[in-house]
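This report refers to the structure that appears directly beneath it.
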Amino acid sequence: MIVGGGIHGCSAALHLAMRGHSVIVLEKDYVARHASGVNAGGVRRLGRDLAEVPIAQAAWQYWREIRALVDDDCGYRPSRYLKVARTESDLANIRRRVQELRALGFEHEEVVDRETVREFLPAAGDHCLGALHVDGDGSALPFRTTRAFMLRAQQLGARFFENTRVNEIARTDGIWKATTSSGVFEAPVIVNAAGAWSGDLAARLGDDVPVIAHAPMLMITARMPAFVTPVVGVFNGTLSFKQFDNGTVLIGGGARGTAYPETDETELNFGGMGAVLRTAKDVFPIMAKANIVRTWAGIEGYLPDNLPVIGPGTMDGVVHVCGFSAHGFQLAPAVGGIVADLVTGSRPDLRIEPFRVDRFNSVREQ
Amino acid sequence: MMADAYDLVVIGAGPAGMAAAATACTAGARVLVLDDQSTPGGQIYRAVENAGNWESNVLGPDYIAGKANVRTFRDSRVEYRAGAVVWQVTGSREIGYSYQGQAQIIRPRSLILATGAMERPMPIPGWTLPGVMTAGAAQTLLKSSALAAEGALFAGSGPLLYLIAYQYLKAGLHVEAIVDTTPRHNRWRALPHLPGALLNWQMLNKGRKWISEIRALGTPILKGAGELRVLGDEVAEGLAWRRHSGAWQEVSSSHVFLHQGVVPNINLSMAAGLQHDWDAIQICWRPRCDDWGRGSCDKIFIAGDGAGVGGAAAAHAAGRIAAIGALSDLGLISQGDRDREARGWRAVMRREMSFRPFLDAWFRPPDQLRVPDDENTTVCRCEELTLKDIRDAIAIGLNNPNSVKSFCRSGMGPCQGRFCGLTLQEIIARDTGRAPGEVGYYRLRPPIKPVPLNELANIEFDPVQQNDRI
């Protein structure tokens, strides 16, 4: 019984269904309604926390053949991904990062110099000194992707219940019983994939997952002439930036609106967009001519260390997969497999010890 | 920044907005009016200040009457910003707008939305071809720059369609034909409302006058038309339709002007998060408000056609009532004064609105012209999506405007759903067997109108500080 129809709930459902297990997904709104459906769609290995790199690599293997997994291309467009350095100290940080990765045996990230940045990003300003670079990351269409995971899972027998809000949870004789807005559901194992709402659910399952809901904002421009193919971020200044095939440019990266998870609403903060827009203009001078046509924000769950919780709960028959802190989209195809392992009692191949649920308890006790 | 010291900001300088602003000023309130046109008047009195004999003859006395409204507005002490584009309003009255190349955010003590009506979309095959526009857009060109097309074809229904065709004829232009899509059975549904309409018999007379003069000038009025489609591949070449008898008819013209009534323009009130109700009679959303025009968020009022279509005189009265209500809520006038001053305007409202049920029933656009049947008909113009694209999304189980939007991008373009929102909602309702009101509407994502990135990049706004000053 998976609570939450975001990409992680859907991926877990898919992996379980592929292995022949009976699975239900309870979603309080509709599948992909919140962060999973409205994020920037970054399929990014670049710049990940070292603990996440092995999972991101495993996920990338799925992304390369995403049609084989979900029978849909998910709008996935592999491209270059660059994180631009604008100062010498940023450049030094990039070099150190790549060395650390190499020491762990990962070769996918590399440092590229000023001339190469010029070659990859002809529209970038002159003060871009270099960049962290990955070839083969890219982006996908988040809503379509999440629905594709759902549809494939459904085809394999998973059952999805939308507009189904979990009101009460109880465990008797080894069975979880969820009383919802559309009836009672029972299962031996419950998966908490409730995103920004996972803290409440975790508490009812006996665990402390200090999730905070934020509303990262995204902006999109009117169509512009094609000027950039890679997805671009920057060091020291939050920005994520990409141009779609139709010419519109998506700008995200850090600016936040206000999240109201209790009513599922967000409020945008136009006063707070200045910094990211100035960075966008700074990296790509052509953006001074852009028109913003739409902005939005999704409700996403963040944890204090910006790493997710992936692991068994304290009580029997509980698995948490939540708190991805705005970078869970790319990981989902692989994390679903890990969750399926945890649900079925087998040991995941990938190391998930850094994501254990009790890590916040120990911090608090100290 | 002093901008937050406004007692009242009025968005829109049409009949409702002008009346509201002038009323509030006379009571000593500090009032700012934001309007995207270059002169006051709104759609109906567009450019009326500079109207001379030609305009008077062509556009008629109802138009010229707007001169007095504009003069009163100009003579008040209101701060008026022409060419100000409002692109965001929040439920806590934060207003984002662009004026003279700068984006600003202000937060007044009260707010009146007077953003008027917009034409209902008429998604027939070929409605996006060059040469096709709404009759309202054709009228805008006539009013603002005396631009007009010779030999145009007017198709659709409603008083405005006839008025604009009449104005075209008065301008000495040839009008090819008026193709009237009003369903014949509507008249039986309208009949019970006739006594109410008779309270405002001048209006009925006006309509009869237009029609008889149009006929006298030799323009054919072709009634009972259905299944309209614009002819032409690259540009409009004419219109084909099915007559009541079942036979097909065609008329050639390179200009086809479509119109099937107006609905409240709810983009700002929706973006502000105000509650709206589905009006099954007028087939549109209306912001929920009380009889002062108070919406569901604190000190936000809606006045005029934006709250429910009633025409210019009703809008003027509603503007005054909302201003009086706002002044009282701000403590600038007593409740006794409020109630006394509003009384006369309420009577005007009642008289004007008495005509609406009759009009609404008579001119109710047929389902077939609101909800396309032909799978190749464009639904979302900005993203170039057809009925088939929308149906593909519905087929995978998506059943509300927002999930369909997320899937296929409908309503994501610069018009923010103004051209497709109602159509999409009714398509989903029809295909999933639900009432349109149950299906809901797009969540509107500001900016409601495009804003230059440069302007947003320079905004300095500290909401906390602003709150402190209130």
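Taken about its Cα centre, the protein assembly as shown carries a charge dipole of about 1940 debye when Lys and Arg each add +1 at the Cβ and Asp and Glu each add -1 at the Cβ. Note on B:Gln249 and A:Arg95: the model spin-label points, each 7 Å out from Cα along the C-beta direction, lie 8.2 nm apart.
Note that the protein assembly as shown shows a convex hull volume over its alpha carbon atoms of 186 Å³ per residue.
The trypsin sites (Lys or Arg not before Pro) found in region B:133-218 that occupy coil by DSSP, while having at most 13 further C-beta atoms within 10 Å, are B:Arg184.
Taking label points 7 Å from Cα along the Cα-to-Cβ direction, B:Glu150 and B:Asp62 give a separation of 2.9 nm. Taking the three principal axes of the alpha carbon atoms in chain B, the coordinate ranges are 68, 54, 42 Å, sorted in descending order.
Partner aspartates and glutamates whose Cα lies under 18 Å from the Cα of A:Lys28, excluding those fewer than 8 positions away in the same chain, are identified as A:Glu162, A:Glu168, A:Glu186, A:Asp200, A:Glu262, A:Asp264, A:Glu265, A:Glu300, B:Glu438. Dividing the Cα radius of gyration of region A:283-366 by its Kirkwood radius returns 1.17 for Rg/Rh. A cut-off of 5 Å between modelled amide H atoms, ignoring neighbours fewer than 5 places along the same chain, links B:Leu231 with B:Glu237, B:Gly238, B:Leu239, B:Ala240. Per residue, the convex hull spanned by the Cα atoms of region A:4-156 amounts to 126 cubic angstrom.
Considering all different alpha carbon pairs of chain A, the Kirkwood hydrodynamic radius works out to 21.0 Å. For region B:402-451, the alpha-carbon radius of gyration amounts to 1.15 times the rule-of-thumb value 2.2 N^0.38 Å expected for a compact globular protein. The region of chain B that goes longest without hitting one of the GluC sites (Glu not before Pro) in a DSSP loop, each with at most 14 other Cβ atoms within 10 Å, is B:1-149. Under a Gaussian network description of chain A, with springs only between Cα atoms under 10 Å, the residue in A:Gly20, A:Gly323, A:Gly157 that fluctuates furthest is A:Gly20.
In summary, the lysines within cross-link reach of B:Lys67, defined as a Cα separation below 27 angstrom excluding same-chain residues under 8 places away, comprise B:Lys143, B:Lys170, B:Lys206, B:Lys209. Overall, the ratio between the Cα radius of gyration of region A:218-273 and 2.2 N^0.38 Å, rounded to two decimals, is 1.33. Rg and Dmax, both from the Cα atoms of region B:128-194 and both in Å, are 13.9, 42.
Over region A:38-84, the hull volume per residue, using the convex hull of the C-alpha atoms, is 96 Å³. Take the convex hull of the alpha carbons in region B:192-303; its mean projected area over all directions comes to 11.6 nm².
Put the Cα centre of region B:80-134 next to the Cα centre of region A:17-81 and the gap is 38 Å. With contacts taken as Cα pairs under 8 Å at a separation of at least 6 residues, region A:108-217 carries a relative contact order of 13 percent. Filter chain A for me: DSSP H helices, axial length by Cα at least 15 angstrom, mean Kyte-Doolittle hydropathy not below -1.0. List them by residue number. Qualifying helices, which must be both long enough and hydrophobic enough, are A:7-18, A:53-64, A:142-155, A:332-344.
An ellipsoid equivalent to region A:124-219, defined through the eigenvalues of its Cα gyration tensor, has semi-axes of 38, 20, 13 Å when rounded to whole angstrom and sorted largest first.
With distances taken between every two different alpha-carbon atoms, region A:163-314 has a Kirkwood hydrodynamic radius of 18.1 Å. Taking region A:275-314, how much of its Cα-Cα pair set, in percent, is spaced more than 13 angstrom apart? For region A:275-314, the share of Cα pairs beyond 13 Å comes to 72 percent. Computed over Cα pairs, the Kirkwood radius of region B:1-111 leads via Stokes-Einstein (0.692 mPa s, 37 °C) to a diffusion coefficient of 227 µm² per second.
Using the Cβ-Cβ distance between A:Asp71 and A:Asp316 with R0 = 51 Å, the FRET efficiency computed as 1/(1 + (r/R0)^6) comes to roughly 0.90.
Can you tell which of B:Phe355, B:Ala103, B:Gly331 lies farthest toward the positive end of the dipole of chain B, using +1 and -1 charges on the Cβ of basic and acidic side chains (Lys, Arg; Asp, Glu)? Ranked along the dipole, the leading option is B:Phe355.
Segment A:Ile175..A:Ala275, full-extension length gain: 31.0 nm, with 0.36 nm per residue of separation and the alpha-carbon distance subtracted. Could you pull out which residues in region B:255-282 have an amide N less than 17 Å from a spot 7 Å beyond the Cα of B:Val235, following the Cα-Cβ vector? Counting backbone N atoms under 17 Å from the label point, the list is B:255-257.
Projected over every direction and averaged, the convex hull enclosing the alpha-carbon atoms of region B:330-418 yields 10.3 nm². Measuring against 20 Å, Cα to Cα, the residue pairs A:Lys83/A:Lys281; A:Lys83/B:Lys449; B:Lys299/B:Lys449; A:Lys83/B:Lys405 contain A:Lys83/B:Lys449; B:Lys299/B:Lys449; A:Lys83/B:Lys405 as the ones spanning a longer distance.
Computed from Cα atoms alone, the Kirkwood hydrodynamic radius reported for region B:313-470 is 19.7 Å.
Considering only alpha-carbon pairs that sit under 8 angstrom and 6 or more positions apart, the relative contact order computed for chain B is 19 percent. Taking every residue in B:403-410 and counting other chain Cβ atoms within 10 Å of its Cβ, the average works out to 4.
Considering only B:Ala393, B:Pro183, B:Gly196, the residue lying farthest towards the positive end of the dipole of the protein assembly as shown is B:Gly196, judged by Cα position with unit charges set on Cβ. Taking amide H as placed 1.01 Å from N in the peptide plane, B:Ala177 has its amide H under 5 Å from the amide H of B:Phe154, each at least 5 places away in sequence or on another chain. The rule of thumb for compact globular proteins, 2.2 N^0.38 Å, goes into the C-alpha radius of gyration of region B:1-60 1.36 times. Above 25 Å lies some portion of the pair distances; for region B:257-373, what is it as a whole percent of all C-alpha pairs? It works out to 29 percent of all Cα pairs. Projection of the Cα convex hull of region A:68-175, averaged over all directions and equal to a quarter of that hull's surface, yields 12.6 nm². As a calculated quantity, the FRET efficiency between B:Arg189 and A:Gln61 at R0 = 56 Å, using C-beta atoms, amounts to about 0.30. Testing the spin-label approximation: label points 7 Å from Cα along Cα→Cβ at A:Asp126 and A:Asp200. State their distance in nm. Taking the simple label geometry, A:Asp126 and A:Asp200 are separated by 5.5 nm. With 10 Å bins from zero, work out the P(r) of region B:117-235 over every alpha carbon pair and list the percent per bin. With 10 Å bins starting at 0, P(r) equals 11, 40, 37, 11, 1. Couplings 3J(HN,Hα) for region B:197-202, derived from phi with the Karplus relation 6.51 cos²θ - 1.76 cosθ + 1.60 (θ = phi - 60°), are 5, 5, 4, 10, 5, 4 Hz, where x marks Gly and Pro.
Every read-out reported here was derived from the displayed coordinates using simple, explicitly stated rules and does not represent laboratory data. All values derive from a computational prediction rather than experimental measurement. For neighbour counting, all protein chains shown are included, and Cβ atoms are generated from backbone atoms with ideal geometry for every residue, glycine included.
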